[in-house]
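Let me begin by presenting the structure, written as structure tokens, before commenting on it.
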There are 4 protein chains.
Amino acid sequence: MSHNTFGHLFRVTTWGESHGPAIGCVVDGCPPRLALSEADIQVWLDKRRPGQSRFTTQRQEPDQVKILSGVFEGRTTGTPIQLLIENVDQRSKDYGDIKDKFRPGHADYAYMAKYGIRDYRGGGRSSARETACRVAAGAVARAVLGPGIRIRGALVQIGPHAVDRARWDWTAVDANPFFCPDPVKAAEWETYLDGVRKAGSSAGAVIEVVAEGVPAGWGAPVYGKLDADLAGAMMSINAVKGVEIGAGFAAASLSGEQNADEMEPGNEGRPRFRANNAGGVLGGISTGQDIVLRFAVKPTSSILSPRDTIDRDGHATSILTKGRHDPCVGIRAVPVGEAMMACVLADHLMRHRAQVG
Amino acid sequence: MSHNTFGHLFRVTTWGESHGPAIGCVVDGCPPRLALSEADIQVWLDKRRPGQSRFTTQRQEPDQVKILSGVFEGRTTGTPIQLLIENVDQRSKDYGDIKDKFRPGHADYAYMAKYGIRDYRGGGRSSARETACRVAAGAVARAVLGPGIRIRGALVQIGPHAVDRARWDWTAVDANPFFCPDPVKAAEWETYLDGVRKAGSSAGAVIEVVAEGVPAGWGAPVYGKLDADLAGAMMSINAVKGVEIGAGFAAASLSGEQNADEMEPGNEGRPRFRANNAGGVLGGISTGQDIVLRFAVKPTSSILSPRDTIDRDGHATSILTKGRHDPCVGIRAVPVGEAMMACVLADHLMRHRAQVG
Amino acid sequence: MSHNTFGHLFRVTTWGESHGPAIGCVVDGCPPRLALSEADIQVWLDKRRPGQSRFTTQRQEPDQVKILSGVFEGRTTGTPIQLLIENVDQRSKDYGDIKDKFRPGHADYAYMAKYGIRDYRGGGRSSARETACRVAAGAVARAVLGPGIRIRGALVQIGPHAVDRARWDWTAVDANPFFCPDPVKAAEWETYLDGVRKAGSSAGAVIEVVAEGVPAGWGAPVYGKLDADLAGAMMSINAVKGVEIGAGFAAASLSGEQNADEMEPGNEGRPRFRANNAGGVLGGISTGQDIVLRFAVKPTSSILSPRDTIDRDGHATSILTKGRHDPCVGIRAVPVGEAMMACVLADHLMRHRAQVG
Amino acid sequence: MSHNTFGHLFRVTTWGESHGPAIGCVVDGCPPRLALSEADIQVWLDKRRPGQSRFTTQRQEPDQVKILSGVFEGRTTGTPIQLLIENVDQRSKDYGDIKDKFRPGHADYAYMAKYGIRDYRGGGRSSARETACRVAAGAVARAVLGPGIRIRGALVQIGPHAVDRARWDWTAVDANPFFCPDPVKAAEWETYLDGVRKAGSSAGAVIEVVAEGVPAGWGAPVYGKLDADLAGAMMSINAVKGVEIGAGFAAASLSGEQNADEMEPGNEGRPRFRANNAGGVLGGISTGQDIVLRFAVKPTSSILSPRDTIDRDGHATSILTKGRHDPCVGIRAVPVGEAMMACVLADHLMRHRAQVG
């Protein structure tokens, strides 16, 4: 990863600011002859699109993607694919107050300390709007991976309220505004998050992403580990503060006997694992089990109660962020996490094929 | 990160297997004219060296580093620095049993699935012995960072037993065999881990690494985020299953008011933050606060009770890993985590200087 | 360099096909706070723009550049700069004949052999139209380099007709349609190239690019050599078949005494070189002398006389390329070569600053 | 390419100075299960080894390579391969005079200007001794390419004396001390170079490298062009001042009709080309023809007549380089050029396989 590009062979470079004329990305290295249309991409962007419930920002962005290159007569040509999304609902006036003040928990101060200049409108480059490009690139990555690999995400915790895994139901995920796999918990979250929203506050979340169908052997020792790349990819998503694979932090409390997933003969000479504490990765290489990871998203830093801060001159002041914000930015992080999983896997498919054939 | 190299400008490439003649690394891109001797590196290797207490592997490796290039008359020249460590205590006979069987929780099966061949002796390339090279490279990175940046690590949890942060004492870290900052807990761990060791079992751990003195402005949006690179770097360490920054996973349970660290005027126009839930990074860029991260290490998969598995032919069998192993591999991960922090920071120092001057 | 990106720290990723809706590039890693406007870029694009004389293609493209990101209130912000140029004069009907036939000397067959698919309209991705993006990126690179570094190119040979270096006059370069520094030769070329054009034939060329003001010390051993990067950059330009630095191929015929540029004391402790056979680079590192290189461009492969070839089914056929083409594509390669020089130097400025400060 | 590493997937990182204890390289990304022994590598090192005739340096280096990692029971494992060559014949006393003086035509001044420090012994990192590592890596690359691809180099010019291509005989190349394919010219060169040697002077050279058996489709638009990577690779070799592909600089003088290689139906649906002005590459992608390139090597800068220069304090002085030097360093560049061709092709084999399968 380098600045605004990620991936080695399936390479995605994103560009654009929240309130500029457009955002977009170049997907380079994509294999040729894959069927790809704007509709194939739009379906995933629509999952992430804001304004679809009262629990996400009310900014109205159609997020219509245009393919400007790299696709000919409905098929990828192997040349770079430029995907462009116009910004249509910039209300820069909402952000006048943040021109000279640094919002706590936001990147305002850090950008200024680094660059000595910042496009403060809507957070500029640090806006979560950038993640639309990840989702668009993720749709291309899914085309690379093909139908044999299924990537799904779900929200497993909002604030302190976690789902009950005994009630896990993938079909529920698309039936509530939270991508929640536990229908009972989804109903509780609705009440909880209405309270958060009305209080002008915000809540954090934990997202789980699962990839099924990944064959054994993807990934690479020792700095190209599949889980290392996934950790970096997820941590690069706005507001993410932690990433774990398989048993994750809980593995620290397990004994060696509990943690090491035993094997028995499975289909076609492959092992059947009796558990998946590894999360599908051992030594940085996939084992053929499901790839399972989770990441934690902090509560949206834009809240309606005034917060102490400093201004550009270093003076004490306070700020109250009006604008239009997600009370729980973690919700829309679900399709983003899926997209990052897809991109990392597509890259590793190609890296594996390169070395091992 | 790509295969066996990490870093963009401060680049480290490691090589070598557990039971080959030697291991080593090339550090490329190092600034010139820095004072650097083998002794400067050896001090950090000695912290990680096995066999120093009954709680780590009894393999006797002096881990004497040799500088083969890139240093002239005690100073770096700007050309690649080759660091070589000979392996002297390979007892390959200990590993005869693993030639044809896949140890649960180890990378044996994954390597075979990927490459169709593996150096099974001592785990070959997947052995934690590789981390000696990280520690050596980390010593060079510390020379790049200079005395103004202090990087320290500590073990904050073994098995289910966490330290009491109210008793945190950095001076205690070097006074017990666990790098434990809580003297009371260190005594308890001794008893606990003796039990684990005698039972032929193993325990996981959580390591915390703190970097003080990092100026605001290091890191880069959006795929070169400082925390994204740190997450990838830590997850690339053997046996790590989770990484978190600042409040980490706990941030998911905080409210927006609790999480966003308020600012007030500090020294020289810089802010003073009232808390550090961010872990020193906002928008992927350092804020001038301490960089604080934690990572979880799973229990050593080599344990003395037999475990079910399959052999190379796909048949059911069981394996009992004798050899010489760490009952808690997380202990020696402390200097490794420090080293990775140092390498990532050195890389970002140079990346920042490149772009912003 | 990797696929459609070049540069390490000053990174340019181009995208787009000759007859798609647009072409463009992302410039990533640009330092912040540099003054940059569309007009600053347009001036260089106008130098390369087709249709400005009868000696270049008659395709009418205004090549109006739009800055979509990375610039705020007239200054770079340090975030990726997306530059977009719409295609307005695609006449795809001109290319119907090449849909199924491979034009000799063109990339048609090679693309098909690689990808099994190609956007044949106007050569698709292999069209020299892509070089407009290089020129746009080069304008940004010039902003990075600042006014102290001057990069100029000139055409020194068309067909077998070379300039007389005794008549070299930089001011003449902008006074004729060939970027020719020899006014006498420019007049001769006019007659010569009219003959070529009327015969439906084409001519090759040699371009020289000179960078003045580059300080000693840029570049890096041994695979990041300044001249190695320049050679790769120039050879990546369409139709280029050779690159040389300083004395170049002629150096093979010199004696050691003739070739090694002697030094004497110059200004401020720096050497004054008595000659520049090195072309300003020794050991891959700049010496403070002018960087001088030349590259050869083959004659345009699109010519009006029928040529034998095969079709997609492998059958013998012949093709006559009508369309609108440059009788000497080398002319417009002058601003392209300048741009590539600028990009490579901007990258090395940053790489040098990263390592040495 | 970045500093001391080249290649993307077949990655070679070299290290070491002329008069340090050893030099070496790490080859990362190599496919697994390839047969590879030290003898397989030694055969190529022996071609480049100094002291084999009176026309190369009399430094006595056995250049015995050791494989320290990445090979198990005679086969590559897919993990990094460390190749080490000890320096045994350093006579640093020969170089006392160059400690404080900058040799004209050498990298002495450039290194000092860049780094402010240099290992002056034998040129340190800038010594052509580094090329032994390239040759070692090239041997691994040949194993990747397999027996179907044949890479051969020849010296086609020494000083102003070029071979007669009508007498080209590949079997002659190994029958004279110059790798000369023209037996008549080889005899003339012997006389010529004896004169140069006895005069304490030196001569330049031109090397041609040909790769047969490369399938159509390797390479990539537009900055990953096969010829762009080859040009960068060759220009990175010490003393190289120019690179050309196919007709090269001569293409500038051809007409479009002469230059564009016509095609007719060949074997298995592939074209048969009537000429190879392209040098086997169109649009940056191989066509299935032989890859043909040439590069020019300047005369050795170490000569026995005194040359004017400056010292470290900027004062005028003169220097006479005694030491042990090649009167024509271009001779030993033949196996180096072959090795670089092999490495670039191995990298592109893997890059092509990654994207297209």
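The values are calculated or read from the model by the stated rules, or taken from the named source; none is laboratory data. Because the structure is a prediction, the values reported are computed rather than measured. Counting neighbours? That spans all protein chains shown, and the Cβs are built from the backbone with ideal geometry, glycine included. Side chains included, ligands, DNA and RNA excluded: accessible areas come from the protein's heavy atoms. Shrake-Rupley method; radii C 1.70, N 1.55, O 1.52, S 1.80 Å.
Points to keep in mind about this one:
- Hey, B:Gly337 without any contact (Cβ under 8 Å) to a residue 12 or more places away in the chain and more than 22 Å from A:Gly105 (Cα to Cα) or not: no
- Scanning the stretch C:258-304 for residues that are in contact with a strand residue (DSSP E or B) (Cβ under 8 Å, 6 or more places away or on another chain), more than 7 Å from every other protein chain (Cβ to nearest Cβ) and of a type in the set (Asp, Glu) returns a single hit, C:Asp290.
- Residues that are on the phi > 0 side of the Ramachandran plot, in contact with a helix residue (DSSP H, G or I) (Cβ under 9 Å, 6 or more places away or on another chain) and free of Cβ contacts under 8 Å to residues at least 60 places away in the same chain, drawn from the stretch A:56-110: A:Gly70, A:Gly78
- Of all the listed residues (D:Ser255, D:Ser302), the sole one being more than 28 Å from the chain's Cα centre (by Cα) and polar (S, T, N, Q) is D:Ser255.
- The sole residue among C:Ala260, C:Ala250, C:Ala228 that is of a type in the set (A, V, I, L, M, F, W, C) and either touching a helix residue (DSSP H, G or I) at 6+ places or on another chain (Cβ under 6 Å) or touching a residue at least 24 places away in the same chain (Cβ under 8 Å) (or both) is C:Ala228.
- Count of the stretch B:61-84 residues, restricted to those that are in contact with a strand residue (DSSP E or B) (Cβ under 6 Å, 6 or more places away or on another chain) and open to solvent by less than 10 Å² (accessible area, probe 1.4 Å), is 8.
- Test set (1) within 14 Å of chain B (Cβ to nearest Cβ); (2) touching a residue at least 40 places away in the same chain (Cβ under 8 Å) - A:Pro177 fails condition number: (1)
- Residues that are small (Gly, Ala, Ser), surrounded by 24 or more Cβ atoms within 10 Å (Cβ to Cβ) and facing another protein chain (nearest Cβ under 7 Å) within the stretch D:2-27 comprise D:Gly16, D:Gly20, D:Gly24, listed in sequence order.
- For the stretch D:164-207, the candidate set comprises residues that are of a type in the set (Phe, Trp, Tyr) and surrounded by fewer than 24 Cβ atoms within 10 Å (Cβ to Cβ); within that set, the residue that is nearest to D:Ile331 (Cα to Cα) is D:Tyr192.
- Among the conditions (1) within 8 Å of chain B (Cβ to nearest Cβ); (2) of a type outside the set (Asp, Glu); (3) open to solvent by less than 20 Å² (accessible area, probe 1.4 Å), the only one that A:Leu254 does not satisfy is (3).
- Residue within the stretch B:208-221 that is open to solvent by less than 10 Å² (accessible area, probe 1.4 Å), at pLDDT below 95 and within 14 Å of chain A (Cβ to nearest Cβ) present: yes
- In this structure, A:Glu338 does satisfy being outside any loop (DSSP other than H, G, I, E, B), open to solvent by less than 30 Å² (accessible area, probe 1.4 Å) and among the acidic types (Asp, Glu).
- Among (1) more than 7 Å from every other protein chain (Cβ to nearest Cβ); (2) open to solvent by less than 10 Å² (accessible area, probe 1.4 Å); (3) more than 20 Å from A:Glu338 (Cβ to Cβ); (4) not hydrophobic (A, V, I, L, M, F, W, C), the one test that A:Gln58 misses: (2)
- Note on the stretch A:120-163: among residues that are touching a helix residue (DSSP H, G or I) at 6+ places or on another chain (Cβ under 7 Å) and facing another protein chain (nearest Cβ under 7 Å), the one that is least open to solvent (accessible area, probe 1.4 Å) is A:Gly159.
- Cross-chain or 6+ apart pairs with Cβ under 6 Å, the stretch B:267-286 first and free of Cβ contacts under 8 Å to residues at least 12 places away in the same chain, then outside any strand (DSSP E or B): B:Gly269/A:Gly314; B:Arg272/B:Gly266; B:Leu282/A:Ala107; B:Leu282/A:Ala110
- Only one entry in C:Asp308, C:Asp313, C:Asp326, C:Asp347 is within 23 Å of C:Tyr109 (Cα to Cα), more than 9 Å from chain D (Cβ to nearest Cβ) and either open to solvent by 10 Å² or more (accessible area, probe 1.4 Å) or in a helix (DSSP H, G or I) (or both), namely C:Asp326.
- Checking each residue of the stretch B:36-43 against the condition of being open to solvent by less than 10 Å² (accessible area, probe 1.4 Å) and either within 30 Å of B:Val196 (Cα to Cα) or assigned to a strand (DSSP E or B) (or both) gives no match.
- Residue check for B:Ala239: open to solvent by less than 10 Å² (accessible area, probe 1.4 Å) and either in contact with a Phe, Trp or Tyr (Cβ under 8 Å, 6 or more places away or on another chain) or more than 8 Å from chain A (Cβ to nearest Cβ) (or both): no
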